[in-house]
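The values are calculated or read from the model by the stated rules, or taken from the named source; none is laboratory data. None of these values were measured; they are calculated from a predicted model. Cβ coordinates were reconstructed from backbone atoms using ideal geometry, including for glycine residues, and neighbour counts include every protein chain displayed. For the accessible areas, the whole protein counts, side chains as well, though only heavy atoms, and no ligand, DNA or RNA atoms are used. Shrake-Rupley method; radii C 1.70, N 1.55, O 1.52, S 1.80 Å.
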Amino acid sequence: AQSVAQPEDQVNVAEGNPLTVKCTYSVSGNPYLFWYVQYPNRGLQFLLKYITGDNLVKGSYGFEAEFNKSQTSFHLKKPSALVSDSALYFCATRGTGFQKLVFGTGTRLLVSP
Amino acid sequence: KAGVTQTPRYLIKTRGQQVTLSCSPISGHRSVSWYQQTPGQGLQFLFEYFSETQRNKGNFPGRFSGRQFSNSRSEMNVSTLELGDSALYLCASSLGQGREETQYFGPGTRLLVL
């Protein structure tokens with residue numbers, strides 16, 4: 001079965017420092033991988049996705065993600081964190097069937113001033 | 001383009017009642033998927049509708065059902081509510097043509113069952 005894992009429940013980083021939110025995947029076939037962010041009392045906002053091609057994917061709000069096939073990872077990165085980046089981040093992959101998304105457990109990012 | 005809209009945003013019900021949630025997808029999107037988000041189980045896929053047909057279903061009891069109308073709007077119904085049904089219910093829309101597509105989510109309906 002397709003799955004993703006987010007090994008960290010919470011990541012703490014100081015404003016201005018680089019941030020990384022980790023995700024590993026277990027997928028048969030082509031890996032379709034997504035990152036979403038959720039702010040309090042809001043739905044999920046799409047950040048970026050990997051379909052095929054370049055291993056470095058650029059997304060919204062200055063975020064990027066690095067696809068690594070040998071390590072089966074798809075880590076989310078940002079060169080300089082903002083306090084406003086504090087939120088819950090979800091990695092996801094396609095499940096069986098057309099549009100089903102299978103989500104990781106989420107990582108809470110806390111950026112301190 | 002307007003985003004995905006969900007109504008109502010908040011709902012309080014008592015055990016045994018039923019509830020209907022509504023989702024309007026982005027214009028032109030024909031696929032609507034529903035997800036349940038709880039602190040314990042995380043984000044779980046409920047079902048997906050495409051062109052008024054249920055195309056995929058998650059592992060939820062038959063109390064959870066849905067439908068899609070010809071304008072792609074979708075409703076989700078939960079009958080005989082249980083305390084454990086308290087959750088944030090999210091719907092997402094996409095064109096529905098391929099697995100590489102992005103799903104765009106609405107703000108969710110927060111259901112509290114007392």
Q.
Among (1) surrounded by fewer than 21 Cβ atoms within 10 Å (Cβ to Cβ); (2) touching a strand residue (DSSP E or B) at 6+ places or on another chain (Cβ under 7 Å); (3) under 20 Å from B:SER93 (Cα atoms), there is one condition B:ARG15 misses while meeting the rest; what is its number?
A. (3)
**Q.** Residue match in the stretch B:5-12 (condition: more than 13 Å from every other protein chain (Cβ to nearest Cβ) and modelled with pLDDT under 95)
**A.** no
(Q) Take the residues in the stretch B:44-87 that are in a strand (DSSP E or B) and farther than 19 Å from A:GLN99 by Cβ; name whichever of them is nearest to the other protein chains (Cβ to nearest Cβ). (A) B:ALA87
(Q) Looking at the structure I just gave you, is B:SER22 under 21 Å from A:VAL37 (Cα atoms), in contact (Cβ under 8 Å) with a residue 40 or more places away in the chain and outside any loop (DSSP other than H, G, I, E, B)? (A) no
Q) So B:ASN56 fits all but one of (1) under 21 Å from A:ALA92 (Cβ atoms); (2) out of contact with any Ser or Thr (no Cβ under 9 Å at 6 or more places or on another chain); what number is the exception? A) (2)
Q. Is it the case that some residue within the stretch B:102-114 is in a strand (DSSP E or B), open to solvent by 20 Å² or more (accessible area, probe 1.4 Å) and either modelled with pLDDT under 95 or of a type in the set (D, E, K, R) (or both)?
A. yes
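B:ARG55: among the charged types (D, E, K, R) and crowded, with 17+ Cβ neighbours inside 10 Å, yes or no?
Working: among the charged types (D, E, K, R): yes; crowded, with 17+ Cβ neighbours inside 10 Å: yes.
Taking the combined requirement at face value, the residue satisfies it.
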(Q) Can you tell me which condition B:TYR49 does not meet? The list is (1) within 22 Å of A:LEU47 (Cβ to Cβ); (2) open to solvent by less than 40 Å² (accessible area, probe 1.4 Å); (3) within 13 Å of the chain's Cα centre (by Cα), and all the others hold. (A) (1)
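For residues in the stretch B:18-38 being among the polar types (S, T, N, Q), under 19 Å from B:GLN97 (Cα atoms) and away from chain A (no Cβ under 12 Å), which is surrounded by the fewest Cβ atoms within 10 Å (Cβ to Cβ)?
The first filter runs over the stretch B:18-38 and keeps only residues among the polar types (S, T, N, Q), leaving B:18, B:20, B:22, B:24, B:27, B:31, B:33, B:36-38.
Subset that is under 19 Å from B:GLN97 (Cα atoms): B:24, B:27, B:31, B:33.
Next cut, away from chain A (no Cβ under 12 Å) only: B:24, B:27.
On the way: B:SER24: 21, B:SER27: 10.
If we take residues in the stretch B:18-38 being among the polar types (S, T, N, Q), under 19 Å from B:GLN97 (Cα atoms) and away from chain A (no Cβ under 12 Å), then B:SER27 is surrounded by the fewest Cβ atoms within 10 Å (Cβ to Cβ).
Could you name every one of the strands (runs of 3 or more DSSP E) located completely within chain A that has at least 2 residues being open to solvent by 20 Å² or more (accessible area, probe 1.4 Å) and within 14 Å of another protein chain (Cβ to nearest Cβ)?
A:3-5, A:44-50, A:101-103
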